Every structure is written in structure tokens, then in C-alpha cells.
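Here is the structure we will look at.
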Amino acid sequence: MSTTTFDDTPRIEPTARPSYLTEENTVASWLFTRDHKRIALLFFASITFFFFVGGGAAALIRMNLATPEGLLQPSLYNRMFTMHGIIMVWFFLIPSIPTTFGNFFVPLMIGARDLAFPRVNLLSWYVFNLSGLVVLYALIMGAADTGWTFYTPLSTVYANGYVFAAAMAVFINGFSSIMTALNFIVTIHRLRAPGMTWMRLPLFVWAIYAVSVVMLTATPVLAMDTFLLAVERFIGIGLFDPRHGGDPLLWQHMFWFYSHPAVYIMILPAMGVVSEIIPCYARRPIFGYAGMTIALMAIAILSFFVWAHHMFVAGISIYAGVAFSLLTFFVAVPSAIKVFNWTVSLHKGRITFDAPMLYALGFVLLFTLGGVTGLMLATLAVDVSVHGTYFVIAHFHYIMVGATVSAFFGALHYWWPKMTGRLYPEMWARFAAILTYVGFNLTFFPQFVLGYLGMPRRSYTYPAEWQIWNVLSSAGASILAVAYLLPLLYLGWSIFRERKADANPWAATGLEWTTPSPPPTHNFERTPRVSRGPYNYDPENDRFITQEGTPHAR
Amino acid sequence: MYHWIPFWPDTAAVNAVVVNNLYIAELGLSGLIMVTVVAMMLTFCIRYRKAASNSRADLETKTWRFEILWTVATLGAFLILFVWGAQVYIWLYKPPPADEEVYVVGKQWMWKVEHPGGQREIDALHVPVNKVVRLVMASEDVIHSFFVPAFRIKHDVVPGTLETLWFKATKTGIFRLECTQYCGLQHATMQGEIVVMEAPDYANWLDSQGVEESLAQQGAELFRAHGCSGCHGKNSTIIHAPSLTGLYGTVVHLQDGSIRVADEAYLRDCILNPRSFTVAGYPPVMPDFSGQLGEGDLLKLIAYIKSLGGKREAGR
């Protein structure tokens, strides 16, 4: 190392070419673009819209639960939590990180010009919006009242809301997932730059690869499920109806065969984001790169074999329950390994606490708390007690909201300069990150207590003695709402008023930082040649080497 | 109104004690894991913050040793939790011989309870303390879930079959009964109370309900009214049909070679769908009764068949 001379942080000459944002300015140039970066921004607009629609429903839920008497009519309350679940799961969480940051950064991180199938990518956005229109139709006409899980025979025979429209929205939405996943798999297999071997891929790309495999294999099952549900509801073929020889539990098996992997669809990309942020702000290599890749793929594969842990009290054979409990503990092992590796990745670092790092550290803590409560739910006898209560609500919100949404905001801040060419106001961002953490814990930690006390989920009322915990939770939700709205304001402001970002404002090693901010339409002036792994940070001398092999002092 | 902030439910049954211990152990382990992660994170964040001058030399590069260490450690801890949880689960869901049996029917949005003596209640269940109470549960419409937080017991009640659940209350008093499976508009109000009484009080309560016929007697009437007795009756010689005397709880060999224990769910299946459960050696001539009998009537018929004798320890 001593013979190497170190340049300053690379200054890439402002190119004569305009960036992807400014090359064309017509509306048509956005709506018919095939540029993965523009499509990522289109997706970003769509999912942000649905995040606030789903969030609005959550706000109504928490307002209603602030008092036992409630605020909403029971039928409205039931429709609000159903639509909150459907919109947040399929219209925000599942597409969130893959369609935005995955779309934008997978080609940049592997040194490609675009995804393998740019037209399919654009089609995916149109299909997503079509499904979005259908779900908005369902919502405006009167919404579904089944819970997001559509359990039969309630959903097929007894519910009188817009179940068919909601199910069709989910059905159509699945095709968008499948197209996006296929695109990522082919891109990562075929379009890596010279020298970008599998074991040199950034962990974010590995995570997107793992999640794409799960999406591509699980989502067709969802299409079958929702199709059969629609047929059953309209014609009553009796597949899930015991009066015609059907089995209500068959629906649960089929639904969770998709929807449990879907939980990992929501968390794997978040794990990838955090694996990028932590080395960058700790200024040291990720601990156990190979272990992290193995853990990602192990989670992706094992996620298919744990679905019946949603059914421990549903009347499956108790020995099936035992088998699925064991498999569930197995899938927790790679998750635990990842937590330890992220934590030890701080050891001997040179740590700064910028907003993305605060979000990432928050992610690790919230994910760990969601994880240990997941272990409690995997333990059969404890699940018998807390299944169907607020304990479960708290657990999966820690994973899917606490962890995934924190990672989403972390990614948004980390890559904001690359996407927009502008920095963001650091103090405001740190404030929002801390506020998210405080608001989140205040919202959901009391729900663990409520759950063990026995408060059933999906109830519009509760006994008066539980009000204190519900008030705390609702108070936390209002803080959380501020923390989620705040970035909308200061990031919006930053586009026009903040300082311009140079190519590599965080002194990071990935290929996406070797091209100007914002990147030109074709990403790179020349095809990058990769000579080493992704996290060559040297905390001892505060230096780093990019994946192309260029050493820099920070 | 309340005088203190509730943070722990009552522990009022033997089932609850066992689950509670496991829950407390897991809270302890979870706390330990959280403390470890937080302590490591805080230590590193302080020692290795940018401004700190601690040495960063000799970064650990042989990471696989650590990976194996915490894989083995977590797997070991998880397996202990798994075995503990699974043992208790099997115990929770395999009813011991019952002192009392009660039939429960869930429907939108109430719990209907029938005692073997014919006593009926809605959204309430009176039981004696320190007795094993076995519930046989049916649903008339959608899936419900029978949950008593103070007993830590829960089981979904799925239409189309019968489910069983048991408990042994250790405290007298009134405890919440809930439905924890979303079952439509008034799911939130599908609640009731479990009233646990001393044995003499319970006997008095049963006597004071003004009942004329036991559940089995009501079942016997249905048995005749629906023509079951024509073939399955004691003196029936016209048609060769399996005798129901002493049937309950025994092992039945079916025509298709499979073997079933004649528990409540089996009896229900046979009444509604007899051609699928033809007993070996008998002609498949029984008409099916699906659509003719409600869940309440089915339970009465089953109570009658059980009153004809059999092995009492039957259960899943």
C-alpha cells in the first residue's frame, strides 16, 4: 500500500452531455421512457402516493383506537384496516425498494447501461398503475371488509364489500412484481461489467437478486389464489366451502404459501440497503461478506418452507405444527447471523452518524426486536397464546415498517445526491431519522403489552382498562406521521435550493459513485472494469479503493 | 374503571402457568439478545466514532470462525426453544380425560354454549374450578377463534369440522372470552365471559337453569325423527348397519382401507357425508344429511351417540 499514491476524492469533469434528468423534457419523454433511472422515479411517485393513502388509513385506525368508544362506524373501521393492509403490502412494501432503488441502482452498481428488458420495465410500471387504479376504485366504491388475508369463507360467502375488485387489484399487481423480478434476474446474470464476479457484487445487488428469485417463484401462486378466490366468490364452486366438500384451510395454505415469502420480499431488499450504508459510514469492509450472501440466499430459499407457521392454531395437524415450528427456527438463524455481522461491522470503524447511518442503525435495532419477538411466535405454545392478538401486529410492524421503511428512508437519503444531483439538509434529516425511531417505538412497543394482555387484532373497540396503552400507541403514531412527512418537505426543498452534489459525496466504493451525479442517460462514459470487491474501506488510514481499483484518501 | 395500569394478564389455569413460564423465559432470552446487540453497537459507536483515536489496526479478516460461532450458538438456543415450545404445544392440544365436556358453537357474532345436561348459555361459559374441561367446538358460518387470555388457550373454530380444546381453571372468578379470528362486522364484540365456580356452586348453577332434557336426550329424539334409529337402532334388523353402541373413541376400519378414531369430528363427518366414510364390511347405503342438520343438532346427535358408551379418553 505504501507505494501507492493517493489522489483526492475523484473529481469527474462536468460532461458536455446532459444528465438523465435534463436530456429530454417533454411529458412523453417521461411516460414512454425506457431509461431505468426515469422508470425508477416514476415508480417512486406511484409508491409514495400509495404510502400516504395507506398511511391515511392507518391514521384513521389509530384515531379510532385512542378511545374505547371509537370514532368510526364499525363497518368503516373494518374497511380501513383491510385497505391499510392491502395497500401497504402490495402497493408500497413489496414494490418499494426493488422498483425504485433496485431499478435505479442495480444497473449502476454492476456497471450496466440499463436493465436487460427496458420495455418490460416500463410495462411493469403501467401494470402497477393499472392495479393501483383498480385498488383505488375498490377503495372509493366502499372498500373490502375481509382483512388483507381474505380468509375464506368470510371473503367468499359472507363479506359484502368490494372483495372482487380488491382481489383483482392484487392479481394484476402480481404481474408487475413478476416482470420486475424477471428483469433483475436476467440483468444480474447477463449484464455485469467485466470483472464484476458474483463474489464482487455489492450486497444490495445480492439482496435484489435473492428477492427477485422469491418474487418470480412465489407470485404466480398469488395469481392462482386470487383467481380461485374470485371464481369461488362469483360461482361458488365450493373449493373453500365445507358445505360443498371444500376446505377453508386450503385457502390459508395457498395464501401463506405466497404471503410468507412475501414477508421476505419486503425485508430482503432492506437488508441489502443497510449492508451498503453501514460499511460506507463505518469506513470499513462489511464483516463476513460471504456469510452475508449465503444468509441472503438461505433466507430466500427457506422462506418457502415456513408458511404454515401462520396456522398453528388453525386446526392443522399438531405434528405439522411441530415441523413448521422447527423450519421457522431455521430461517431465523441466517437473520441472526446478519444482525451480528452488521453490528460487528462497526468494530474498528471510523464512524460518522449521518442520516443514512442513523436510519441503518435504527433498522438493525428494530429488526432485532422484530426478530426476537418472531422467535417467540415461532415457539408453538407461545404462539397459541398470542396468535391473532396485537402481539402479532407489533411483531410484523417492527419488521415490515420499523425495519423496511427505515431502510427505505436510509436508501433515499444515501442515494439522494446520486438521483437528483443535490445534497439534502443533514440536520433536518438526522432529526427525521431520530423522530422515526422514537415515534415508531412509541407506536408499536405498547402493542406487545396489549397483545399478551389479549387484545384481539382487527377490533374497533376494547375494554377501558387497556386505553392507556392504546393512547400511547396513537400518540406515537402521530409522531411517526410527522417523521414520515418531514422528508417530503425538506427533500422537495433540496431539489431547488440545496448545494449540488459531486460524483461521490460520501467517498463510497461502488461503481454508482464513479459516474456524475445525476448520471447521464447511458450511465457510464466507458464500461467500467472491476478489479475488486465492493467494500474496500481502510479505517486505519482513512482511505478507500473503488471497485475499479482506484485508491483514494478521504 | 381501573386503578392500575394492566401489563400482565391473569394466570388462572394450569395451561396458563406452563405457557407463562415459557413466555417469561423467552422474554429473558430476548432481553439478553437485545442487550448484547445494543451494548456491542453502543461500545463500537463510541470507541470508533470518527473523532476517537483508538487504534484501527489489525482488522479481523478471518470472519468464518465468528460466523460458525454464532451460527452454532443461535441454533443451539433456538433448538431449546423449539423443543420446549413443541412439548407444551402437544400437551395443550391433546386433551387429557375430561371431567366435564361442553359444546360450543361460534356464529356471527356470538358464542353459543351447550352443557351435556341441556343447560344453554350465550357469550358465557360456567365451569367448575380444578376440573379438566373439554370443549367440542363448531362454527355455523365463518372461522372464529376461541381465546381465553387468562388461560392462554386458543383454537380456531373452522366451519365444516369440530375442534377440541381443554383447560383446567385454578382460580374462581370471571375471565374474558374472545374471538381472535376476524369474522366480519361485529367481530370486536364477539366476546363473553368464562365464569369459574367452586364445584358446589357450579352444581347449583346447573340445577337452577330449569332444563327438562339433557343434550343426549334431545339427540335421541333427533335420532328417531331423522330415521337414524331405523338402521342404527338397537332392535333394527332390516338393514345391516354398524352398531353405534360403544362406538365412541374406538378405532374404525373404513372400506377404503384407512383407519379413523371415532371422535366427535369423525361422527360429524359420517353423518354429513357417509359415502366417504363407509365402514369396512357394510354396504354404502346411508343417505347423507348435509344441509338438513344445523351445528347445534349435530352436536346433540353426537352427544347421544357418545351416551351409548365408548372410550372416554378419545381426543386428538
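The values are calculated or read from the model by the stated rules, or taken from the named source; none is laboratory data. Source: prediction; values computed, not measured. Note that each Cβ is placed from the backbone with ideal geometry, even for glycine, and that neighbours are counted across all protein chains shown. All accessible areas refer to the heavy atoms of the entire protein, side chains included, with ligands and DNA or RNA removed. Shrake-Rupley method; radii C 1.70, N 1.55, O 1.52, S 1.80 Å.
Points to keep in mind about this one:
- Proximal charge balance of A:Pro18 [Cβ under 14 Å; K/R count +1, D/E count -1]: -1
- The long axis of helix B:14-47 is offset from the longest Cα principal axis of chain B by roughly 20 degrees.
- Percent RCO, i.e. relative contact order, over segment A:23-147, from Cα pairs under 8 Å lying at least 6 residues apart: 39
- Taking both sides together, the accessible area buried where B meets A is about 7500 Å² for a 1.4 Å probe.
- Most to least packed among A:261-274, B:32-45, A:132-145 [average Cβ atoms within 10 Å]: A:261-274, A:132-145, B:32-45
- Calculated diffusion of segment A:34-553, Stokes-Einstein form, Kirkwood radius summed over Cα pairs, 10 °C and 1.306 mPa s, µm²/s: 68
- Amide H contacts for A:Gly246 (H built 1.01 Å from N in the peptide plane; partners 5 or more residues away or on another chain; cut-off under 5 Å): A:Asp241.
- Segments A:125-131, A:315-321 sorted - mean Cβ within 10 Å per residue, highest first: A:125-131, A:315-321
- Alpha-carbon centroids, segment A:375-394 and segment B:253-304: separation in whole Å: 35
- To the nearest ten degrees, helix B:295-307 and the longest principal axis of the Cα atoms of chain B are 70 degrees apart.
- 3J(HN,Hα) from dihedral phi, segment A:380-389, Karplus parametrisation 6.51/-1.76/1.60, rounded to Hz, x for glycine, proline: 3, 5, 6, 4, 4, 6, 9, 4, x, 10
- Ranking A:Ser335, A:Trp206, A:Leu442 by how far each Cα lies toward the positive end of the dipole of chain A (charges on Cβ) leaves A:Trp206 at the top.
- Minimum 40 Å² accessible area buried by the other protein chains, segment B:131-145 residues, probe 1.4 Å, relative to alone: B:Val142, B:Ile143
- Accessible area of A:His397 in the full protein assembly, 1.4 Å probe (Å², nearest 10): 30
- Considering only B:Tyr89, B:Tyr266, B:Tyr248, the Gaussian network model of chain B with Cα springs below 10 Å gives its largest mean-square fluctuation to B:Tyr89.
- Counting only protein heavy atoms and a 1.4 Å probe, chain A has 32 square angstrom of accessible area per residue.
- Leading residue at positive end of dipole, the protein assembly as shown (Cβ point charges), from A:Ile235, A:His413, B:Pro96: A:His413
- Close amide H contacts of A:Arg422 (hydrogens built in the peptide plane, cut-off under 5 Å, sequence separation of 5 or more or a different chain): A:Ala501.
- Cross-link table B:Lys171/B:Lys311; A:Lys500/B:Lys50; B:Lys154/B:Lys300; A:Lys37/A:Lys500; B:Lys94/B:Lys300; A:Lys418/B:Lys50, entries beyond 27 Å C-alpha to C-alpha: B:Lys171/B:Lys311
- Heavy-atom accessible surface of chain B: percent carbon and sulfur, 1.4 Å: 58
- The coefficient of translational diffusion for segment A:155-250, derived via Stokes-Einstein from the alpha carbon Kirkwood radius under 4 °C and 1.567 mPa s, stands at 82 µm²/s.
- Averaged over B:67-74, number of beta-carbon atoms from partner chains that fall within 10 Å: 5
- Solvent-accessible heavy-atom area per residue, rounded to whole Å², over segment B:135-231 at 1.4 Å: 33
- The aspartates and glutamates within cross-link reach of A:Lys338, meaning a Cα-to-Cα straight distance under 18 Å and a gap of 8 or more places when in the same chain, are A:Glu276, B:Glu60, B:Glu67.
- Legend: P(r) of chain B from all alpha carbon pair distances, 20 Å bins from 0, whole percents, reading 26, 44, 20, 9, 1.
- Kirkwood Rh, angstrom, segment B:215-307 [1 / mean 1/r, Cα pairs]: 13.3
- Taking the protein heavy atoms of segment A:434-475 in the context of the full set of protein chains, the accessible area attributed to carbon and sulfur is 78 percent at 1.4 Å.
- More than 18 Å apart - percent of Cα-Cα pairs taken over segment B:196-266: 62
- Using a cutoff of 8 angstrom between alpha carbon atoms and counting only pairs six or more residues apart, the relative contact order for segment A:34-553 works out to 17 percent.
- Only Lys, Arg, Asp and Glu carry charge here, each on its Cβ (+1 for the first two, -1 for the last two); on that basis chain A has a dipole of about 780 debye about its Cα centre.
- Across B:Val285, B:Val133, B:Val148, mean-square fluctuation computed from a Gaussian network of chain B (C-alpha pairs under 10 Å connected) peaks at B:Val285.
- Peptide-level mean, for A:382-393, of C-beta atoms on other protein chains within 10 Å: 6
- Cα centroid separation - segment A:19-38 against segment B:1-32, whole Å: 58
- A 1.4 Å probe, protein heavy atoms only, puts the accessible area of B:Ser145 near 0 Å².
- Helices meeting the span-like rule in chain A (full DSSP H runs, Cα extent of at least 30 Å along the helix axis, mean Kyte-Doolittle score of -1.0 or higher): A:36-65, A:118-141, A:163-190, A:203-235, A:248-282, A:318-344, A:355-378, A:426-453, A:467-497.
- Number of partner chain Cβ atoms within 10 Å, mean per residue of B:252-262: 0
- Once exposed loop GluC sites (Glu not before Pro) are cut out (DSSP; at most 10 other Cβ, 10 Å), longest piece of chain B: B:1-211
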